[in-house]
Amino acid sequence: MDLVIARPEGLYCPAGDFYIDPWRPVERAVITHAHGDHAHRGNQHYLAAAPGEGILRSRLGQDINLQTLPYGERLLHHGVTLSFHPAGHVLGSAQVRLEYGGEVWVASGDYKIEPDGTCAPFEPVRCHTFITESTFGLPIYRWQPQAQIFAEINQWWRANIAAQKASVLLCYSFGKAQRILHGIDASIGPILSHGAVEPLNRVYRDAGIYLPPTIYAGDIKKSDPIMRQALVIAPPSAGASTWMRRFGDYSDGFASGWMRLRGPRRRRGVDRGFVLSDHADWPGLLWAIEQTGAERVMVTHGSIGVLVQHLREKGLDAQGFSTEYGDDEEENAAAPAELAEGQR
Ligand SMILES: [Zn+2]
Ligand SMILES: [Zn+2]
């Protein structure tokens, strides 16, 4: 008997009668993390890892019926033992471990292998069946160490200051933005953030994550000389909007795993692409899957076919799981309206 099955509402645990990251409203939702395609409004009851509480409430509403559980702590529900384990993806992100009748399943949610200092690092969990994401599940995706990417961003920012230009860096407003703030050299110049980013910075700081001081971009006048020194952190949607005009002469960059590919880089039309992802790359996915010891692997997100084929060739029982999860590297998973520019 399968501990988790695909239903029209989302991934469902029949024994426990609850869903994991459902995309339609349900009675009981277990949430792996607060990205828009995983955490939806309208569920009667939410269960999530404790470090994600601030983000979930800020995105779904302060009044949601939310129960939290510290990483590693067990909860027994209808005979199913449930626990959360760090996924290393964004603040509060968790893998969900389910145990029932001696069978152990782990649903990864989204995960990243390299620790980044803004959330608890990924921890492999032993299981019989592993439900893995596969956003970057192709052999071409191999990330450079993040220190190298941050050095590139720092260098770009310095060069722009020398050329009297603002540096506008586009990235997902939740997770990626805070990771960049945490990782860059804040001594280079002032940092401005877009109205979609600034409230999330506050939630991270409240959770005890160090971020350098940031100034809400809306508070700065166009003529202010600070503009020509500043690094501006903004969501991708701001890139093509009139919001950019206030920066006068600027250089723009985009930080995403997709910047590995020439096509998306060209379509974006930005000056610089920085290959920085909050997801595991191909070697990372294979390493994580191996660490679980699972003989059965269900693959969601992205390049399912290639990863499934690869795992089958290694002798694993692998199959695709069809879901409605989106792509948080592009911010297709739309940010809630109240996080739009202007409201902070
Ligand atoms: Zn995500
Ligand atoms: Zn996802």
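Just wondering, is there one or more residues in region 219-226 that are charged (D, E, K, R) and crowded, with 17+ Cβ neighbours inside 10 Å?
Initial filter on region 219-226 (charged (D, E, K, R)): 219, 221-222, 224.
Of the ones still in play, those that are also crowded, with 17+ Cβ neighbours inside 10 Å are none.
Within region 219-226 (the criterion being charged (D, E, K, R) and crowded, with 17+ Cβ neighbours inside 10 Å), the answer is no, since none of the residues qualifies.
Every residue in region 196-217 that is touching a strand residue (DSSP E or B) at 6+ places or on another chain (Cβ under 7 Å), modelled with pLDDT of 95 or more and surrounded by 18 or more Cβ atoms within 10 Å (Cβ to Cβ), please.
Val197, Glu198, Asn201, Thr214
Restricted to region 133-167, and to residues that are polar (S, T, N, Q) and more than 16 Å from ligand 1 (Cβ to nearest atom), which residue is surrounded by the most Cβ atoms within 10 Å (Cβ to Cβ)?
So in region 133-167, the residues polar (S, T, N, Q) come out as 134-135, 144, 146, 148, 154-155, 160, 164, 167.
Next cut, more than 16 Å from ligand 1 (Cβ to nearest atom) only: 144, 146, 148, 154-155, 160, 164, 167.
Numbers: Gln144: 14, Gln146: 19, Gln148: 11, Asn154: 17, Gln155: 12, Asn160: 26, Gln164: 12, Ser167: 29.
The residue in question is Ser167.
Mind checking whether some residue in region 64-71 is away from ligand 2 (no atom under 16 Å from the Cβ), surrounded by 14 or more Cβ atoms within 10 Å (Cβ to Cβ) and in contact (Cβ under 8 Å) with a residue 24 or more places away in the chain? Walk me through how you get there before you give the answer.
Initial filter on region 64-71 (away from ligand 2 (no atom under 16 Å from the Cβ)): 64-71.
If we keep only those that are surrounded by 14 or more Cβ atoms within 10 Å (Cβ to Cβ) as well, we get 64, 66, 68-69, 71.
Add one more test, that the residue is in contact (Cβ under 8 Å) with a residue 24 or more places away in the chain, and what stays is 71.
Yes, there is a match, as at least one residue in region 64-71 is away from ligand 2 (no atom under 16 Å from the Cβ), surrounded by 14 or more Cβ atoms within 10 Å (Cβ to Cβ) and in contact (Cβ under 8 Å) with a residue 24 or more places away in the chain.
Give the residue, chosen from Leu82, Leu56, Leu69, that is within 15 Å of ligand 1 (Cβ to nearest atom) and modelled with pLDDT of 95 or more.
Numbers: Leu82 fails: within 15 Å of ligand 1 (Cβ to nearest atom); Leu69 fails: within 15 Å of ligand 1 (Cβ to nearest atom).
Of Leu82, Leu56, Leu69, the one residue that is within 15 Å of ligand 1 (Cβ to nearest atom) and modelled with pLDDT of 95 or more is Leu56.
Scan region 24-53 for residues that are under 20 Å from Tyr172 (Cα atoms) and either among the small types (Gly, Ala, Ser) or within 16 Å of ligand 1 (Cβ to nearest atom) (or both) and jot them down.
Within region 24-53, Ile31, Thr32, His33, Ala34, His35, Gly36, Asp37, His38, Ala39, His40, Pro51, Gly52 meet the criteria.
Given the conditions (1) out of contact with any Cys (no Cβ under 8 Å at 6 or more places or on another chain); (2) part of a helix (DSSP H, G or I), report the number of the one that Ile180 does not fulfil.
Condition not satisfied by Ile180: (1).
The values are calculated or read from the model by the stated rules, or taken from the named source; none is laboratory data. What you see is a predicted model, and the numbers here were worked out from it, not measured in a lab. Using ideal geometry, Cβ is built from the backbone for each residue, glycine included, and neighbour counts are taken over all protein chains shown.
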